[in-house]
1. I'd like the FRET efficiency for R31 and E119, computed as 1/(1 + (r/R0)^6) with the beta carbon distance as r and R0 of 30 Å, rounded to 0.05.
2. So which of K4/K112; K64/K112; K112/K153; K79/K112 end up more than 19 Å apart, counting from Cα to Cα?
3. Based on Cβ point charges of +1 for Lys and Arg and -1 for Asp and Glu, what charge dipole magnitude is obtained for the chain about its Cα centre, in debye rounded to the nearest 20?
4. Convert each backbone phi in the stretch 76-82 into a coupling constant with the Karplus relation 6.51 cos²θ - 1.76 cosθ + 1.60 (shift: θ = phi - 60°), then list the ³J(HN,Hα) values in order as whole Hz, x for Gly and Pro.
5. Sorted by mean Cβ packing within 10 Å, highest first, what order do the peptides 168-181, 73-86 take?
6. Going from the alpha-carbon gyration tensor of the stretch 51-157, what semi-axes, largest first and in whole Å, does one get by taking the root of 5 times each eigenvalue?
7. What are the extents of the Cα atoms of the stretch 18-81 along their three principal axes, listed from largest to smallest and rounded to whole Å?
8. Around I183, which amide H atoms from residues at least 5 apart in sequence, or from another chain, sit under 5 Å from its own amide H, with H modelled in the peptide plane?
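Every number in this text was worked out from the coordinates using simple rules, so none of it is lab data. Just so we're clear, the structure is a prediction, and the values are computed from it rather than from any experiment. Backbone-built Cβ (ideal geometry, glycine too); neighbour counts: all protein chains shown.
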Amino acid sequence: MNYKLAVFDMDGTILDTLEDLTDSVNYVMERYHYPTHSLDAVRGFVGNGIRLLIERAVPQGIAKEQIDAVYADFMEYYKEHCADKTKPYEGIVELLETLRAAGCLTAVVSNKADAAVQELCVQYFDGLFDFAIGERAGMAKKPAPDAVYEVLKQLEVSKVDAVYIGDSDVDFDTARNSGLDCISVTWGFRTEEFLRNYGAKTIARTTNEVAARILG
C-alpha cells in the first residue's frame, strides 16, 4: 500500500453536486432578477466556497450588502435542496469500501459548510470515512492547508503517508500547500486538459485508477 490515508475533496470528487448547486444559484438569481447560469458556467464558479460562488454568479458591480442578501438566501434554499439531485459519482462507494478493506484510512476535506459536509457524509457514505471536515469559523479555507493538517492530527498520520484526491485547481494547490501527493480526477468540475495545464502530474480517469495509485 502506497499510502495509509486517502483525503478526498467532496464536490466534484466524491459527490456530483453540480445540478443542485446550479438550481440553487438560479433560484436566487431569479429572485433578485439577475441573469441565470448554465451548468457549465456554475462548474467554473465552484471550488472556493459558497461565498465566492455567489460573488461570481451575481452581476459585476453589485454592492456588498446586496451580495450578503443573495448569499443568505442561497444558503437558506440550498440547505433544503442540497440533496435533490446530488449523488455519489459512479464507483466512489466501491472505491471507499476497497480502501477501507485494505486498511487505508479515509477522510474528507471540503470548502462546503461543515454542517453540510457531516450531513452528506452520513447520508451517502455512512461509516466510510474516518474523519470529515468542512468550512469552519477560524479555519482558513482550501487551498490553505489548515483543514488537511487537522485531518493528519486527528488520524495521527504523517504527510508522507497521506495522499489528497481532488478534481480542481484548488485541490491541486491544497495538496501542494499541505505537502501531500495529489491525485487529480477527471470526472469532476475541471477537464483533464485544464488539470494538466495547471500542473497536475498524477491523473486518474476512473475510480479503479485511484485505487491502484493508493494501494499499489
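1. E between R31 and E119, to the nearest 0.05, is 0.80.
2. From the list (K4/K112; K64/K112; K112/K153; K79/K112), the Cα-Cα distance tops 19 Å for K4/K112; K64/K112; K112/K153.
3. 620 debye
4. Each residue of the stretch 76-82 in turn: 5, 6, 5, 4, 8, 10, 6 Hz.
5. Result, highest mean Cβ count within 10 Å first: 168-181, 73-86.
6. Values for the stretch 51-157, descending: 30, 18, 11 Å.
7. 27, 23, 22
8. Y164, I165, G166
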